[in-house]
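The values are calculated or read from the model by the stated rules, or taken from the named source; none is laboratory data. These figures come from a predicted structure and were not determined experimentally. Note that we place each Cβ from the backbone using ideal geometry, even for glycine, and neighbour counts take in every protein chain shown.
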Amino acid sequence: MKKSTLLLAISIVLTITTFAQKKKNQQPPVEIPTFNMTSNSTVEYSEVVEVTGSAADLYKKALDWFNTYYKNPSSVIREKKEGESIKGKGKFRIYDVNQETGSKTPSNGMMMYDITISLKDGKYRYVIEKITQKSSSFVGIEKWINENTDAQRFLTANYLVQVDKELKNVASKLKAHMAANNSSKSSDW
């Protein structure tokens, strides 16, 4: 009788432990954001935004945004055409997310992207494109969208969420800066 009670208790403990581990290891699926795909099947963030100001004024605001948003704007800005456009190459780090614990560690490589701001009187257009992971070789994020294994899907889905969040933040900060009235008020002594 004591042996059967002991075996039953061990069986119950093992069953509970097994179920608890299965629940702990199951992370909810990560929803992949919807991306704007261009005609040549690349991801792009772009928008034409109407604002007040001449192309020259908007150029100054865009240049000011580059200088305040990026830590080292001289390494980001690649080409400037006075009053017309500014082209740059930005980068940011992404993180590997542990499927079991949700903890984050820095990924190998950085995310790179091209950003172009084109300016005209009363409006500007930004285009964020050529989004790639810089590691031992360049990998376009389009490849991540169709991953096959569960572990790879979880990892790349998290990468895609991070990329989408970061690039939407870049666009949001640019739009807020361009919409702000940056004219200095004169001091009336």
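Scanning segment 38-64 for residues that are over 23 Å from residue 120 (Cβ atoms) and touching a residue at least 12 places away in the same chain (Cβ under 8 Å) yields 41, 42, 43. One residue stands out among those in segment 94-104 that are closer than 18 Å to residue 166 by Cβ and surrounded by fewer than 14 Cβ atoms within 10 Å (Cβ to Cβ): the one that is nearest to the chain's Cα centre (by Cα), which is 95. Taken over segment 92-123, the criterion of being of a type in the set (Gly, Ala, Ser) and either modelled with pLDDT of 80 or more or not in a strand (DSSP E or B) (or both) is satisfied by 102, 103, 107, 118, 122.
Looking at this structure, is residue 126 at pLDDT 95 or above, surrounded by 13 or more Cβ atoms within 10 Å (Cβ to Cβ) and over 17 Å from residue 178 (Cα atoms)?
On the way: at pLDDT 95 or above: yes; surrounded by 13 or more Cβ atoms within 10 Å (Cβ to Cβ): yes; over 17 Å from residue 178 (Cα atoms): no.
Judged against the criteria, residue 126 is not a match.
Taken as a whole, the condition of being touching a residue at least 60 places away in the same chain (Cβ under 8 Å) and closer than 16 Å to residue 158 by Cα does not apply to residue 128.
Just a yes or no: is a residue in segment 147-154 of a type in the set (A, V, I, L, M, F, W, C), more than 14 Å from residue 94 (Cα to Cα), at pLDDT below 85 and surrounded by fewer than 16 Cβ atoms within 10 Å (Cβ to Cβ)? Among the residues of segment 147-154, at least one is of a type in the set (A, V, I, L, M, F, W, C), more than 14 Å from residue 94 (Cα to Cα), at pLDDT below 85 and surrounded by fewer than 16 Cβ atoms within 10 Å (Cβ to Cβ), which makes the answer yes.
Hey, does segment 93-104 have a residue that's in contact with a His (Cβ under 8 Å, 6 or more places away or on another chain) and either without any contact (Cβ under 8 Å) to a residue 24 or more places away in the chain or farther than 23 Å from residue 42 by Cβ (or both)? No. Annotation note: Cβ proximity below 8 Å between a residue of segment 162-173 that is assigned to a helix (DSSP H, G or I) and a residue that is polar (S, T, N, Q) (sequence gap 6+ or interchain) occurs for no pair.
Candidates in segment 129-146 are the residues that are among the aliphatic types (A, V, I, L, M) and modelled with pLDDT under 75; of these, the one that is farthest from residue 48 (Cα to Cα) is 139.
If you scan segment 45-64, which residues turn out to be assigned to a loop (DSSP other than H, G, I, E, B) and surrounded by fewer than 17 Cβ atoms within 10 Å (Cβ to Cβ)? Outline the logic, then answer.
From segment 45-64, those assigned to a loop (DSSP other than H, G, I, E, B) are 51-54; that's our starting set.
Answer for segment 45-64, where residues must be assigned to a loop (DSSP other than H, G, I, E, B) and surrounded by fewer than 17 Cβ atoms within 10 Å (Cβ to Cβ): 51, 52, 54.
Applying the selection to segment 65-93, what residues are of a type in the set (Lys, Arg), surrounded by 12 or more Cβ atoms within 10 Å (Cβ to Cβ) and over 22 Å from residue 121 (Cα atoms)? Reasoning before the result, please.
Step one: of segment 65-93, the residues of a type in the set (Lys, Arg) are 71, 78, 80-81, 87, 89, 91, 93.
Narrowing the set further to residues that are surrounded by 12 or more Cβ atoms within 10 Å (Cβ to Cβ) leaves 78, 80, 87, 89, 91.
Scanning segment 65-93 gives 78, 89, 91.
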